[in-house]
Amino acid sequence: MIHLVFFHSFEKVWFHRSVFLSTGTWVTFGSQISDEMAESVMTIAYENGVNLFDTAEVYACPHYNNHLFSLKMCFRRSSYVVTTKIYWGGQAETERGLSRKHIIEGLRGSLSRLQLDYVDIVFANRNDVNSPMEEVVRAMTFVINQGMAMYWGTSRWSAMEIMEAYSVARQFNLIPPVCEQAEYHYFQRDKVEVQLPELYHKIGVGAMTWSPLACGLITGKYSDGVPDCSRAAIKGYQWLKERVFSEEGRRQLAKIKELHLVADRLGCTAAQLAIAWCLRSEGVSSVLLGVSNTDQLLENLGALRVLSQMTPQTVSEMDALLGNKPHSKKESRA
């Protein structure tokens, strides 16, 4: 069994270099997979040491809520972590954004749907230019003090916005954010490798990253077109299909073929290599996995065994193939 540790320290340096895998629910739960498969994925994930389950008020998750409730019935609530994200809650103007009203009402709605008394982390799912930063930080502090959440974080915020929230919290003796959810994979590197490490060292903000396989592009399944069962074939994901067939997409697919040879040499799959590559980065506390079946889940969990092979030589070879390493003041951990 693969044992993954979630809590290490939320003081100063959030997860303090402990690394782990967690499960996300964007797209797959409620739209791509059956209820039975969703429940199996969650149960097997938990039994293999995954102890963080990421949700959001906007996700297609009515089914997911039921499976999470089943998980709660089988395992101690204190033994796993549930997160949710607040921003897109409904069609009305007052049902979206990061106003004090929507943060409080949106979180209460999520708790009701999830049948939980609290979530471990509530994320502000993008910044809201219409809500003053002090209002956002005060609202997040309120829901934490009310026992509705343990901590709060940000998602898709800039380093400057995160630093502003931290400064406001310190100025008014409020609670600052502890982590940022950011997209991170071979072709999306600058924020996680350059911007967030600065915050990690200065104020202890960790990174919870998502899309390690670039919506499946890195697995190579789009090399010969778009499979019917793939995410790019789903209604509403035309942007992903266009990305695959774009000139940049073709260049990325060519690089992916070369990286597959590296995976073959290391005795792992392309997905395992990509996930281990994400985990090796300094400040990355968790990589969110989006899986559609139990075999894929177990394959992705195997990335932990590949992490020890992310030597400076291997990482340098991969950087040379990618040709997009951003300038960073700190070296990544290997």
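The values are calculated or read from the model by the stated rules, or taken from the named source; none is laboratory data. Bear in mind the structure is a predicted one, so any value in this text is a computation, not a measurement. Virtual Cβ from ideal backbone geometry, glycine too; neighbours counted across all protein chains shown. Ligands, DNA and RNA are excluded from the accessible area calculation, which covers all protein heavy atoms including side chains. Shrake-Rupley method; radii C 1.70, N 1.55, O 1.52, S 1.80 Å.
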- Using θ = phi - 60° and Karplus 6.51 cos²θ - 1.76 cosθ + 1.60, couplings along the stretch 304-317 (whole Hz; Gly, Pro as x): 4, 6, 7, 4, 5, 8, 7, 6, x, 5, 5, 5, 5, 4
- Message: Which entries of 85/255; 85/191; 85/257 have Cα-Cα distances beyond 27 Å here?
- Response: 85/255; 85/257
- Query: Roughly to the nearest percent, how much of the accessible area of the stretch 248-334 is carbon and sulfur, given a 1.4 Å probe?
  - Reply: 51 percent
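So between residue 105 and residue 47, what do we pick up on full extension, going 0.36 nm a residue minus the alpha carbon distance?
Working: separation 58, 0.36 × 58 = 20.88 nm, distance 3.31 nm.
Stretched out fully, the residue 105 to residue 47 stretch lengthens by 17.6 nm.
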- If one computes the Cα centroid of the stretch 242-292 and of the stretch 158-217, what distance in Å separates the two points? 21 Å
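Just reorder 77, 280, 251 by solvent-accessible area, largest first, 1.4 Å probe, all chains present.
251, 77, 280
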- Message: What does the extension gain come out to for residue 74 and residue 294, with contour length at 0.36 nm per residue minus their alpha carbon separation?
- Response: 77.3 nm
- Query: What percent antiparallel are the DSSP beta bridges of the stretch 146-229, to the nearest 5?
  - Reply: 10 percent
- Query: Ranked highest first by the average count of other Cβ atoms within 10 Å around their residues, in what order do 90-96, 185-191 fall?
  - Reply: 185-191, 90-96
- Message: Skipping prolines and chain starts, which residues have an amide H placed within reach, meaning under 5 Å, of the one on residue 269, given they are 5 or more residues away or on another chain?
- Response: none
- Query: How far apart, in nm, are two points set 7 Å out from the Cα along the Cα-to-Cβ line at residue 167 and at residue 313?
  - Reply: 4.6 nm
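What FRET efficiency comes out for the pair residue 158/residue 325, r = Cβ-Cβ distance, R0 = 25 Å, nearest 0.05? Walk me through the numbers on the way to the answer.
Numbers: r = 21 Å, r/R0 = 0.84.
Calculated transfer efficiency: 0.75.
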- Return the FRET efficiency for the residue pair residue 117, residue 92: r is the Cβ-Cβ distance, R0 is 22 Å, and the value is rounded to the nearest 0.05. 0.25
- Item | Residue-by-residue Karplus 3J(HN,Hα) for the stretch 291-303, coefficients 6.51, -1.76, 1.60, Hz, glycine and proline x | 10, 10, 7, 5, 5, 5, 4, 5, 4, 5, 5, x, 4
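Report the full-extension gain for the segment residue 194 to residue 145: residue separation times 0.36 nm, less the Cα-Cα distance, to one decimal in nm.
Full extension of this stretch gives 14.3 nm more.
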- Residues with amide H under 5 Å from that of residue 189, placed H, sequence gap 5 or more: none
- Task: Taking only protein heavy atoms into account and a 1.4 Å probe, give the accessible area per residue of the stretch 149-216 in Å².
- Result: 35 Å²
- Task: Can you work out the PRE-style zone for residue 134? Point 7 Å along Cα to Cβ, and I want the residues of the stretch 146-189 with backbone N under 19 Å.
- Result: 161-177
- Query: Taking θ as phi - 60°, what are the ³J(HN,Hα) couplings along the stretch 186-194 by the Karplus curve (6.51, -1.76, 1.60), each to the nearest whole Hz, with x for Gly and Pro?
  - Reply: 3, 10, 9, 10, 4, 4, 6, 8, 10
